[in-house]
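Structure first, commentary second.
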Amino acid sequence: MAAAPGGWRAAGGRRRRAGGEAAGAGAVLRRLREARDDLLSSGFWEASAGAVRAPLGSSAEPPAHCVCYGLGRFSVCPAARHQLAFLLLLLEELGEGKHDVEGSATLFYMVHCGKALYNNLLWRNWSAGALAKMVIIGNSFKGIEERLLSRILERDYSYIAKVLKGTEEVALPTHPRYLDTFNDTSIHWFPLQKLKELSPEVWEFMEEPMYQDCDDLEIIRKEDRTDRHSPTATES
């Protein structure tokens, strides 16, 4: 029995969609390779390699895992594509996959994330042993300290404030082509010996950050998410 014409049209539509998706994915991969080549040919990656190797040259354990937060839509955003291409070059440099999984260190790639996200990450891993197994690539902690009043930093982002003296930080180099892509970006790691030198009181306060008085919050709090679905929040 011959198939209905409508069935042929539907099958043809599915094939065209699949072909279009494959072509779109191929275009994204091509642009990503171009971004990678751009980082290499511009000299930015070579200039950044020293900062990348800094945690590896210390006593810090080379990261065997990677968590990425805050990456934009790299299919349409050139800056996000360069950030992703940088991450892929970084993973090649670290030789990930060649290390044991159990208890291994973790790289957190968080370029241009909000301050509260860094603060939450520190809180969730608030012990000398856990922090010593972390490397964070993101907004400069020193820059955050310089831009905020001390009382605001200690009130709203207390875990960033407390870890500053236990942090090693190396800034990525500036490059005229990537001023908006990697500006204010540093590599942070937390040597165990420096963490042990912090006062015992630093480790005693472990309350979850709530940000109730924060005026520049860049994440959605759990309370805000709950309020949006409550009857009083939807009434007007």
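Summary of values
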read-out: Selection status of L153, within 20 Å of A105 (Cβ to Cβ) and open to solvent by less than 70 Å² (accessible area, probe 1.4 Å); value: no
read-out: Residue pairs meeting the criteria (Cβ under 9 Å; at least 6 apart or on separate chains; first closer than 22 Å to A49 by Cα, in region 94-107; second assigned to a loop (DSSP other than H, G, I, E, B) and modelled with pLDDT under 65); value: A105/A60; A105/H99
read-out: Verdict on L131 being crowded, with 16+ Cβ neighbours inside 10 Å and free of Cβ contacts under 8 Å to residues at least 24 places away in the same chain; value: no
read-out: Residues located in region 194-208, provided they are part of a helix (DSSP H, G or I) and either without any contact (Cβ under 8 Å) to a residue 12 or more places away in the chain or surrounded by fewer than 10 Cβ atoms within 10 Å (Cβ to Cβ) (or both); value: E201, E204
read-out: Among the candidates R151, R124, residue that is basic (K, R) and either touching a residue at least 40 places away in the same chain (Cβ under 8 Å) or touching a helix residue (DSSP H, G or I) at 6+ places or on another chain (Cβ under 9 Å) (or both); value: R124
read-out: Which listed residue, of L87, L91, is in contact (Cβ under 8 Å) with a residue 12 or more places away in the chain, open to solvent by 30 Å² or more (accessible area, probe 1.4 Å) and part of a helix (DSSP H, G or I); value: L91
read-out: Boolean, V135 is at pLDDT 95 or above and under 23 Å from C68 (Cβ atoms); value: no
read-out: Unmet criterion (only one of (1) out of contact with any helix residue (DSSP H, G or I) (no Cβ under 6 Å at 6 or more places or on another chain); (2) at pLDDT 80 or above) for R36; value: (1)
read-out: R177 vs. criteria under 18 Å from A116 (Cβ atoms) and modelled with pLDDT under 95; value: no
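Here is a yes/no grid of residues against (1) of a type in the set (A, V, I, L, M); (2) touching a His at 6+ places or on another chain (Cβ under 9 Å); (3) modelled with pLDDT of 75 or more; (4) closer than 30 Å to P191 by Cα:
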| residue | (1), (2), (3), (4) |
| --- | --- |
| R14 | no, no, no, no |
| R17 | no, no, no, no |
| G26 | no, no, yes, no |
| V52 | yes, no, yes, yes |
| G72 | no, yes, yes, no |
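The values are calculated or read from the model by the stated rules, or taken from the named source; none is laboratory data. Just so you know, these numbers come straight off a predicted model, no measurement behind them. Every residue, glycine as well, gets a Cβ built from its backbone with ideal geometry; the counts of neighbours run over all protein chains shown. Ligands, DNA and RNA are excluded from the accessible area calculation, which covers all protein heavy atoms including side chains. Shrake-Rupley method; radii C 1.70, N 1.55, O 1.52, S 1.80 Å.
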